[in-house]
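The values are calculated or read from the model by the stated rules, or taken from the named source; none is laboratory data. Everything numeric here is computed off the predicted structure, so don't read it as measured data. Positions of Cβ are generated from backbone atoms using ideal geometry, with glycine treated the same way; all protein chains shown enter the neighbour counts. When the accessible area is computed, the model is the full protein with side chains, heavy atoms only, and any ligands, DNA or RNA have been set aside. Shrake-Rupley method; radii C 1.70, N 1.55, O 1.52, S 1.80 Å.
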Amino acid sequence: MIPSARRLRWFCATALSVLLAPLAVHAQGTVLNLYSARHYQTDEALYANFTRQTGIRINRIEAGDEALLERLRAEGRSSPADVLLLVDAARLWKAQQEGLFEPVKSDWLASRIPPNLRASTESGAMAWVGISTRARVIIYNRERLGPIELGSYQDLARPELKGKVCTRSGAHPYMLSLIASITAHEGEQKATAWARGVVSNFARPPRGGDTDQIRAVASGECVVALTNTYYLVRFLQSDKPQEREAAARIAVVWPDQQGHGTHLNVTGGGMLRYARNRDAAQRFLEYLASDEAQVYLADGNNEWPAVPGVTTRNQALAALGSFKADSLSVEALGRAQPIAARIIDRVGWR
Ligand code: FE
């Protein structure tokens, strides 16, 4: 599975490290400094497996996306970080715009990660790559929806849903990315009209995260809401009976199955501009696209692998069923961010 070019590089790196053995740098071993916005139990195995395969030790700093971006800005050139992992294309795009990433050329990554799930530079190198995918779906209270048709994100703006819709703030990256996708497909004018319609249907002012929207739909405070799929899976698989009961009161709509498909987003990462351990950083990113890493990444947060053909045995995900995903590129989501931000200001979706 590891292409021969990588094996050769590994061999060369090993031979070189033998030559350099007396140097202190070798005594410490090769390291990779990782800043990650992911923090799941299974990630331990993901990283340990990389160290076992390559001998490269991983030093990790885990924090929220914004905290990591703040830290990188403050550290500037003296940052020790080699690789950055973030959740949501909106944040990855922002990091790219700020010049935080060092473009990577890798035939292996190009062959594994579909073009719509990675961001390229003008030279054809990759600024960052998606490593797992999540969908943003509509959920509704089974008993309280009534005879209202719900098949598209567009339906959230229908007047029949007045006083029934809950969302988190439109300024959150998950919402900005969804609004960006609608903007990319329909144009700014139609996206604005849609956003205005959604805001006029609110059951309450936007608040909380996706988990709060799930709870509010289950309790009947709201009839319809939006959530990323993995939050729903957490409820379905929960040890707490009240969370499983909440999930049972909710139905899922895969939006736009007759149209563009359901909005997809990514967890992704890239090499940092001031990375010192560049070879280790590239090998780590390539490792993340391997079959086994893809399964760890997807299972860790109940997401889908970014690499086509990799399957997980995640029963809760399987229970959600299959769906048509929007193939809009993560770059297009990024480019439309400023328009999405303008729209939420214009319609008061804060
Ligand atoms: Fe999340």
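Summary of values
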{"read-out": "Using alpha-carbon coordinates, inclination of helix 188-200 to the longest axis of the chain, degrees", "value": "60 degrees"}
{"read-out": "Cα-derived Rg to Rh of region 127-234, Kirkwood definition", "value": "0.96"}
{"read-out": "Phi to ³J(HN,Hα) by Karplus 6.51 cos²θ - 1.76 cosθ + 1.60 over region 93-109, Hz, x for Gly, Pro", "value": "5, 4, 4, 5, 4, 7, x, 7, 9, 9, x, 10, 9, 8, 5, 4, 4"}
{"read-out": "In Hz, Karplus ³J(HN,Hα) per residue of region 154-169 (6.51, -1.76, 1.60; θ = phi - 60°; x = Gly, Pro)", "value": "4, 5, 5, 9, 5, x, 4, 9, 3, x, 10, 9, 10, 9, 7, 4"}
{"read-out": "Calculated SAXS-style log₁₀ I(q)/I(0) at q = 0.22 Å⁻¹ - region 192-265, Debye, Cα scatterers", "value": "-1.11"}
{"read-out": "Accessible-area value, LEU85, 1.4 Å probe, nucleic acids and ligands omitted, Å²", "value": "0 Å²"}
{"read-out": "Probe 1.4 Å, protein heavy atoms only - accessible area per residue of the chain in square angstrom", "value": "44 Å²"}
{"read-out": "Solvent accessible area, Å² - SER120, 1.4 Å probe, full protein context", "value": "40 Å²"}
{"read-out": "Solvent-accessible surface ranking, highest first, for TRP349, TRP304 at 1.4 angstrom", "value": "TRP304, TRP349"}
{"read-out": "Separation of the ASN59 and THR121 label points, Cα + 7 Å toward Cβ, nm", "value": "2.5 nm"}
{"read-out": "Column: log10 I(q)/I(0), Debye, Cα scatterers of region 55-95, q = 0.22, 0.25 Å⁻¹", "value": "-0.77, -0.95"}
{"read-out": "Ranked by how many other beta carbons lie within 10 Å on average, peptides 154-166, 255-267 from highest", "value": "255-267, 154-166"}
{"read-out": "Share antiparallel - DSSP beta bridges, the chain, percent rounded to 5", "value": "70 percent"}
{"read-out": "Rg followed by Dmax, in Å, when the chain is reduced to its Cα trace", "value": "21.4, 75"}
{"read-out": "GLU143 versus THR211: modelled label distance in nm, points set 7 Å from Cα along the beta carbon direction", "value": "2.5 nm"}
{"read-out": "Amide N of region 243-274 lying under 11 Å from the label point, which is placed 7 angstrom from the Cα of TYR40 along Cα→Cβ", "value": "267"}
{"read-out": "Of all accessible heavy-atom area on region 138-294, the percent that carbon and sulfur account for (1.4 Å)", "value": "47 percent"}
{"read-out": "Over 28 Å (Cα to Cα) - which of LYS162/LYS190; LYS240/LYS324; LYS105/LYS324 fall in this group", "value": "LYS240/LYS324; LYS105/LYS324"}
{"read-out": "20 Å tail of the calculated P(r), region 197-348, as % of Cα pairs", "value": "63 percent"}
{"read-out": "Helix-derived mean residue ellipticity, 222 nm - over the chain, DSSP H n ≥ 4, -39500 (n - 2.57), to 500", "value": "-13000 deg cm²/dmol"}
{"read-out": "For ILE61, solvent-accessible area (1.4 Å; no DNA, RNA or ligand), Å²", "value": "50 Å²"}
{"read-out": "Ordering of 121-127, 221-227, 110-116 by packing [mean C-beta count within 10 Å, highest first]", "value": "221-227, 110-116, 121-127"}
{"read-out": "Long-range tail of P(r) for region 46-191 (Cα pairs > 22 Å, %)", "value": "57 percent"}
